[in-house]
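Everything on this sheet refers to the single structure shown next.
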Amino acid sequence: MQGGGMDPSTLTNLAEPLSAHPLFKTQDIDDARHRVAGKFCAHDLTPGPQHRRFEARHNHVAGQSLSLNYLSYGCEVAINPGELDRFYLIQLPLAGTAAVRNGKAEVAAGVGQASVLNPTRDTCMTWHQGCRKLLMQVDRAALHRLAEDLLGRPLGEAVLFDPHVDLRRPGLQRWQKSLFAAISLAQNGAAFGTQMHPHQARLEEELILGFLTHQPSSISHSLQQGAHTGQDLLPSFQLRRAVDYIRSNLAEPLTLAGIASEARCSLRSLQLGFKAHFNCTPMQYLTRERLNHAHYLLQSLPSDHRVNAVAFDAGFSHLGRFSIAYRAAFGQSPRETLRQGGPA
């Protein structure tokens, strides 16, 4: 994702994330159960002793393969969905605590300790009073395809994650920042919903792959083994294919899966190859090439040309983030480069 986004601590303090996308607010238990089930799956919903405080709020915005959600119930509730079947559900408490069981694993969830529900394992939960959660729902088939692309081989069974999601781990901290940046885009109408981001597919791919890469799972050993043994390193001719494809399609909404497909390699091989040869990820390389192309255009075009047109032609969809990245790379704003023209 191209820079920017919302700081995690800021999001945690917000009263109601995704407020621009309200789905419902109700004090009717049956209505809440029915409407939540419409976005997730059928489930039992039983309020606790303080049931008079029940007030469900659900904000929801959908993408292509995942949805972002904010959900709270006002009082303690017991939730029993059984097996989710069609999707994974990553749950990040923004306030309060919850007891979550997925299969045989039990998670004492709270701020900094999230959970992920595997679709093939029985689930039951108790959200304690004051619990407010951010939920990322991921289509099971989409995650499975990306996992197979990542490994470069078919998987006969669903990926199983450790239900304990420790957001203090560095990799997951970075993933959480990407998630919050996506929520910020959705809140501002720049992604998800009816106004899909030009790079929506890449945005979702980054969120799913980030979680696949950093959250312990049934494929973690295979990913680590390939990295340690070098068995997944990219041959030079496949690396050249990837580089040529990137440079020829800078203005297009490229995805990691698309680049790997053109190079005819696995996602993991692509990642390791770029790390070994360029000391960066493929998407970081793409951003660098886009910035270099923008720099060339700004030096070549008339000084009255529009900066946002250059950003768009170079593959950037957000002028503010483009300007920040450009200044970091070249020490001046895009408008300053355009005004100065080419090198003397």
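The values are calculated or read from the model by the stated rules, or taken from the named source; none is laboratory data. Everything numeric in this text was worked out from a predicted model, so none of it was measured. Cβ: placed from backbone, ideal geometry, glycine included. Neighbour counts: every protein chain shown.
Quick check on this structure: which one of SER323, SER317 is crowded, with 16+ Cβ neighbours inside 10 Å, of a type in the set (S, T, N, Q) and touching a residue at least 40 places away in the same chain (Cβ under 8 Å)? Selected residue: SER317, the only one of SER323, SER317 that is crowded, with 16+ Cβ neighbours inside 10 Å, of a type in the set (S, T, N, Q) and touching a residue at least 40 places away in the same chain (Cβ under 8 Å). Given the condition assigned to a helix (DSSP H, G or I), closer than 23 Å to SER65 by Cα and assigned by TED's automatic domain parsing to the domain that holds PRO282, answer yes or no: does some residue in region 246-256 qualify? Yes, region 246-256 contains a residue that is assigned to a helix (DSSP H, G or I), closer than 23 Å to SER65 by Cα and assigned by TED's automatic domain parsing to the domain that holds PRO282. All told, LEU71 meets the bar of being in contact with a His (Cβ under 6 Å, 6 or more places away or on another chain) and assigned by TED's automatic domain parsing to the domain that holds PHE40.
The residues of region 110-141 that are basic (Lys, Arg) and within 18 Å of GLU16 (Cα to Cα), listed by number, are ARG132, LYS133. The C-beta contact set for region 228-247 (first residue modelled with pLDDT under 90, second residue polar (S, T, N, Q), distance under 8 angstrom, 6+ apart or interchain) comprises GLN231/GLN225; ASP232/SER266; ASP232/SER269; LEU233/SER269; LEU234/SER269.
Of all residues in region 73-105, those satisfying the criterion of being out of contact with any Pro (no Cβ under 9 Å at 6 or more places or on another chain) and assigned to a strand (DSSP E or B) are ILE79, ASN80, PRO81, GLY82, ILE90, GLN91, LEU92, PRO93, ALA95, ALA98, ALA99.
Does GLY193 meet the test of being within 30 Å of ASP313 (Cβ to Cβ), over 11 Å from the mean Cα position of the chain (by Cα) and either not hydrophobic (A, V, I, L, M, F, W, C) or not assigned by TED's automatic domain parsing to the domain that holds ASN118 (or both)? Considered against the rule, which asks whether it is within 30 Å of ASP313 (Cβ to Cβ), over 11 Å from the mean Cα position of the chain (by Cα) and either not hydrophobic (A, V, I, L, M, F, W, C) or not assigned by TED's automatic domain parsing to the domain that holds ASN118 (or both), GLY193 comes out as yes. State whether one or more residues within region 75-83 are in contact (Cβ under 8 Å) with a residue 40 or more places away in the chain, of a type in the set (A, V, I, L, M) and surrounded by fewer than 22 Cβ atoms within 10 Å (Cβ to Cβ). Scanning region 75-83 turns up at least one residue that is in contact (Cβ under 8 Å) with a residue 40 or more places away in the chain, of a type in the set (A, V, I, L, M) and surrounded by fewer than 22 Cβ atoms within 10 Å (Cβ to Cβ).
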